[in-house]
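Single-structure report; data block below.
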């Protein structure tokens with residue numbers, strides 16, 4: 001009997017302890033619920049505050065166009081996503097965030113100094129194809145640059161040397177079109193070294209094959225890929241005649257077809273595909289040989305669906321032989337390029353200027369200038385960064401221009417699309433910042 005009483009006492013004691021533990025757990029749950037509720041209230045207050053601030057700022061930006069309380073100056077106004085270069089009688093004066101972005105130096109080209117080459121981005125690597133070496137000789141080398149490890153690997157060479165050509169990528173395949181296989185700077189060569197051969201590089205197998213020959217000789221040309229086809233546009237023909245020729249290569253049929261001619265003939269031009277169009281930028285055109293600084297600011301777009309050309313907003317800085325890359329967010333970046341100092345074609349100088357075109361705004365914005373000015377250069381976009389590799393340096397009365405091995409990378413900074421409009425051009429993106437030729 002006594003033993004039973006003791007067991008009963010122990011049971012009551014255990015039940016009491018369990019009850020106490022349950023009460024503690026309940027209190028902990030209540031405290032946690034209160035903490036979650038308090039945190040939720042704080043987050044809600046923060047969200048409401050952010051929405052209110054954002055709405056206020058957004059409303060303020062939208063009011064910029066009508067100058068409500070911003071500037072009591074009728075000669076200056078602002079606009080958002082305009083694309084209009086003549087707003088309310090005022091001229092476009094550039095972006096409120098002119099000069100944004102950052103440049104950094106990376107591992108120099110392992111193959112040595114190089115110009116007149118091509119650069120193609122693929123995943124996290126860049127393929128650097130052909131070009132002219134320091135001594136002016138043309139190469140068939142292909143280097144793969146790892147943008148993460150910053151090292152270079154020599155890949156299978158092109159079937160023959162090539163420079164001043166166009167290149168484009170479709171999925172896992174790179175296409176090399178037009179250009180020259182020998183430098184005519186080093187002496188007279190048949191057809192000025194121009195070739196029609198098409199080279200096709202399979203990235204996965206690291207092998208080259210040949211495609212159908214192009215329809216025309218086109219040197220200092222450009223190429224871009226859009227919807228599974230490669231477009232080659234403009235350049236110089238034999239005797240450095242100015243071309244407005246346009247053609248398209250269909251890999252599935254291994255054939256070339258003619259397209260409507262580009263409105264503005266030019267060589268030393270740049271190409272890129274953006275949205276549903278192929279864009280052609282800048283270049284050189286001096287049919288009368290009367291102006292040695294006849295670099296173009298023209299930008300024109302070809303739409304394959306309509307089979308027609310359309311004019312687009314001019315570049316802020318006329319130039320040829322620049323590097324072009326397509327940035328994320330439907331933007332084009334143009335870096336460097338060639339100018340002729342004092343209107344003398346023997347005084348070739350490289351430009352520092354970097355400009356980005358916003359497709360949605362139909363507007364060019366000047367960005368941070370590249371540290372190493374260059375022309376006859378190439379750029380590629382990988383991993384959200386734009387790499388600019390090699391190029392040519394200042395070239396004064398030289399048959400072979402000095403070449404560069406510098407590799408510099410650009411990180412863009414997104415910002416509100418707010419543009420300045422001025423009654424006069426005392427300060428805008430085309431106004432001279434310095435007497436140094438940019």
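Quick check, is residue 332 under 16 Å from residue 274 (Cβ atoms) and crowded, with 20+ Cβ neighbours inside 10 Å? Even if it seems obvious, please write down each step before you answer.
On the way: under 16 Å from residue 274 (Cβ atoms): yes; crowded, with 20+ Cβ neighbours inside 10 Å: yes.
Spelling it out, residue 332 is indeed under 16 Å from residue 274 (Cβ atoms) and crowded, with 20+ Cβ neighbours inside 10 Å.
Within the range 227-238, the set of residues being crowded, with 22+ Cβ neighbours inside 10 Å and either under 16 Å from residue 258 (Cα atoms) or within 19 Å of the chain's Cα centre (by Cα) (or both) comprises 230, 231, 232, 233, 234, 235. Counting only residues that are more than 22 Å from residue 341 (Cβ to Cβ) and at pLDDT 95 or above, the range 368-387 holds 9 of them. Condition first: surrounded by 10 or more Cβ atoms within 10 Å (Cβ to Cβ), at pLDDT below 70 and under 30 Å from residue 416 (Cβ atoms). Can you find one or more residues in the range 17-32 that meet it? Scanning the range 17-32 turns up no residue that is surrounded by 10 or more Cβ atoms within 10 Å (Cβ to Cβ), at pLDDT below 70 and under 30 Å from residue 416 (Cβ atoms). Just one of (1) surrounded by 10 or more Cβ atoms within 10 Å (Cβ to Cβ); (2) farther than 16 Å from residue 416 by Cβ; (3) modelled with pLDDT under 75 fails for residue 48. It is (3). Considering each residue of the range 162-177 in turn, none proves to be farther than 20 Å from residue 125 by Cα, surrounded by fewer than 21 Cβ atoms within 10 Å (Cβ to Cβ) and modelled with pLDDT of 95 or more.
The residues in the range 86-123 that are assigned by TED's automatic domain parsing to the domain that holds residue 410, surrounded by fewer than 16 Cβ atoms within 10 Å (Cβ to Cβ) and more than 23 Å from residue 327 (Cβ to Cβ) can be counted, and the count is 2.
Across the range 276-294, the qualifying residues are those that are buried (at least 19 other Cβ atoms within 10 Å of the Cβ) and within 22 Å of the chain's Cα centre (by Cα), and the one among them that is farthest from residue 305 (Cα to Cα) is 284. Within the range 336-349, one or more residues are surrounded by fewer than 24 Cβ atoms within 10 Å (Cβ to Cβ), under 28 Å from residue 97 (Cα atoms) and touching a helix residue (DSSP H, G or I) at 6+ places or on another chain (Cβ under 9 Å). Of all the listed residues (241, 255, 247, 273), the sole one being touching a strand residue (DSSP E or B) at 6+ places or on another chain (Cβ under 8 Å) and surrounded by fewer than 18 Cβ atoms within 10 Å (Cβ to Cβ) is 255. When the test is whether a residue is out of contact with any strand residue (DSSP E or B) (no Cβ under 9 Å at 6 or more places or on another chain), surrounded by fewer than 19 Cβ atoms within 10 Å (Cβ to Cβ) and at pLDDT 90 or above, residue 151 does not pass it. Out of curiosity, is residue 352 within 17 Å of the chain's Cα centre (by Cα) and farther than 18 Å from residue 272 by Cβ? Taking the combined requirement at face value, the residue satisfies it.
The values are calculated or read from the model by the stated rules, or taken from the named source; none is laboratory data. These numbers come from a predicted model, not from an experiment. Ideal geometry is used to build each Cβ from the backbone, glycine not excepted, and the neighbour counts take in all protein chains shown.
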